[in-house]
Amino acid sequence: HRLVVRAGILTATGPKFAAEEVLVKGTLGEGSYGQVFEGALSRNGATERVVLKRVKTRVEGAEEMGQMELLLNVYASQKARGAIANFMGHIEVQPEESNYRLTPGLWLVWKYEGCRTLSYYLKRRDCLQALARDLAVPEKAVVATVMKQIFECLTALHNAGVVHRDVKPLNLILSEEERRFKLIDLGAAADLRNGTNYAPDESIMDPSYCPPEQYCLPTSAPHLGRQLAPLKLAISPLLWSRHKPDCFDSYSTGLVLMQLAVPKLRSSSGLKAFSKALQAYRCDLEAWRERERLSPAQTALLDAEDGAGWDLAQALLRPRKLEVLDNGGVEFTNEGSGARLRVFAALKHRFMKQAAVPGSQLAD
Ligand code: ADP
Ligand code: MG
């Protein structure tokens, strides 16, 4: 039903592998919807290291989400190559081909690029040192460099018309070879050019990283997935320029910046307390900062260069003028000087001058 309506482009499912070509190995990670394994893909006499994701069958709506994730990976790997983990294709495992590890159903396949997410680093006591080592940048450049990588990936995705909607440390993977973070987990992403995985009244996002408005477009916006292709092409640019749905992801990146820069916000309890307080202060970071009485060690990275980090974080975490309707829907705007900073514009913020310049990374 909904799948048919929302996925007018179900034909674009990309390369397909045979069940007999893959071997499932150890677990790499698990989220609320998927289980992810390392694996081996053997074709034409060669074997490659891959990442395999299967959607948890017992989670409600998971099957449809898997289909959407497939479509979005196919689309984004064409339109925003390099911004997301290197997607290879999918496998449709039939019951008779299955075994206790390779269970029946849809599997997604990526090239193996590494096993460390940004969350792995945030949990380490030596977070910034470990990042400095693995990214090969000076320690004082780490926060701006990681943020730059995140902004670059998101800008590419946004330019392709896709809002990620689930930006968080667990959904950023370090490509060991390229020494940079890439986005993973397009399960909640919305393609606001074609309408894939987007319904106006649906918000499906980790509450810890979700902006206060909860939706990337006002709930009264037209249901893109239900429009005919020529109409989509006409409507989509209007929706983008009017509502700036990419600002949904801006907010999440603001929280990631705060976690990277302020050690006490790296734990999930620290982040939750921060989010709650921020809501109470109506996203006024200055008020939070005054109230919190943080030690200089906690805020040094935000204080540097005349408070460049504070300024960027505040711009990303700005509230949108919000109106909650009687039917539970929301309307909001993002105009004027108090508007939330857009991701592509964040790349030009003065804080970004602290990022390492690619190519001269080891020179401090
Ligand atoms: P979910 O939709 O359940 O959140 P994710 O796609 O986020 O699933 O994957 C869950 C975890 O698996 C991630 O947090 C990460 O640790 C690991 N993972 C997912 N994709 C990759 C990948 N391409 N490379 C390495 N690890 C990955
Ligand atoms: Mg995830």
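The values are calculated or read from the model by the stated rules, or taken from the named source; none is laboratory data. What you see is a predicted model; the values in this text were computed from it and never measured. With ideal geometry, Cβ positions are generated from the backbone for all residues, glycine too; neighbour counts draw on all protein chains shown. Note: accessible area is taken over every heavy atom of the protein model, side chains too, but ligands, DNA and RNA are not part of it. Shrake-Rupley method; radii C 1.70, N 1.55, O 1.52, S 1.80 Å.
Put simply, when 22-35, 105-118 are sorted by average Cβ atoms within 10 angstrom per residue, most first, you get 105-118, 22-35. For the chain, the carbon plus sulfur part of the accessible surface works out to 51%, probe radius 1.4 Å. Probing with 1.4 Å while keeping every protein chain in the model, the per residue accessible area of the chain equals 47 Å². Taking every Cα-Cα distance in segment 170-249 and sorting them into 5 Å bins from zero, the calculated P(r) comes out as 3, 14, 22, 22, 15, 11, 8, 4, 1 percent.
Here Lys353 is the anchor, and the lysines within straight C-alpha reach of less than 19 Å, apart from those fewer than 8 places off in the same chain, are Lys140, Lys148. Taken one residue at a time, the phi angles of segment 167-183 give Karplus couplings (6.51, -1.76, 1.60, θ = phi - 60°) of 6, 6, x, 5, 9, 10, 10, 7, 7, 5, 5, 7, 6, 8, 7, 10, 7 Hz. Gly and Pro are set to x. Spin-label model, Asp326 to Ala273: label points 7 Å out along the Cα-to-beta-carbon direction sit 4.2 nm apart.
Charging the Cβ of each Asp and Glu at -1 and of each Lys and Arg at +1, and nothing else, the dipole of segment 255-364 about its Cα centre rounds to 240 debye.
Counting only lysines at least 8 places from Lys272 when in the same chain, those with an alpha carbon closer than 19 Å to its own are Lys123, Lys168, Lys264. Add +1 for every Lys or Arg and -1 for every Asp or Glu among the other residues with Cβ under 11 Å from the Cβ of Gly309, and state the total. Once positives and negatives cancel, what remains is -3. Computed from backbone phi with θ = phi - 60° and the Karplus coefficients 6.51, -1.76 and 1.60, the 3J(HN,Hα) list for segment 86-96 is 5, 7, 10, x, 9, 10, 10, 7, 7, x, 6 Hz; x is used for glycine and proline. Select from Ile84, Gly114, Leu128 the residue farthest towards the positive end of the dipole of segment 79-141; place +1 on Cβ of Lys and Arg, -1 on Cβ of Asp and Glu, and compute about the Cα centre. So the residue we want is Leu128.
Basic side chains Lys and Arg get +1 at the Cβ, acidic Asp and Glu get -1 at the Cβ, and with that the dipole of the chain about its Cα centre reaches some 420 debye. Selection among Ala199, Ala46, Thr219 by position relative to the dipole of the chain gives Thr219 as farthest towards the positive end (Cβ unit charges, Cα centre). Which shape class applies to segment 210-252: rounded if a/c is under 1.5, otherwise prolate when a/b exceeds b/c and oblate if not, where a ≥ b ≥ c are the square roots of the Cα gyration tensor eigenvalues? Here segment 210-252 falls in the prolate category.
Rounded to whole numbers, the Karplus 3J(HN,Hα) couplings from phi for segment 212-219 are x, 6, 6, 10, 8, 9, x, 5 Hz, using 6.51 cos²θ - 1.76 cosθ + 1.60 with θ = phi - 60°, and x at Gly and Pro. Evaluated on the chain, the Kirkwood hydrodynamic radius is 21.4 Å, with distances taken between all distinct Cα atoms.
If you bin all the Cα-Cα distances of segment 100-253 at 10 Å, starting from zero, the percentages per bin are 10, 35, 30, 19, 6, 0.
The protection proxy used here, the mean number of other Cβ atoms lying within 10 Å of each residue, ranks peptides 279-291, 345-357 as follows, highest first: 345-357, 279-291.
Counted over all Cα-Cα pairs of segment 43-190, pairs farther apart than 20 Å make up 52 percent. Around the Cα centre of segment 126-188, unit charges on the Cβ atoms of Lys, Arg, Asp and Glu (plus for the first two, minus for the last two) sum to a dipole of about 200 debye.
The length gained on full extension between Arg291 and Met352, counted as 0.36 nm times the residue separation minus their Cα-Cα distance, comes to 19.2 nm.
Look at the dipole of segment 276-364 built from charges on Cβ: of Gln279, Phe332, Gly309, the Cα furthest out on the positive end belongs to Phe332.
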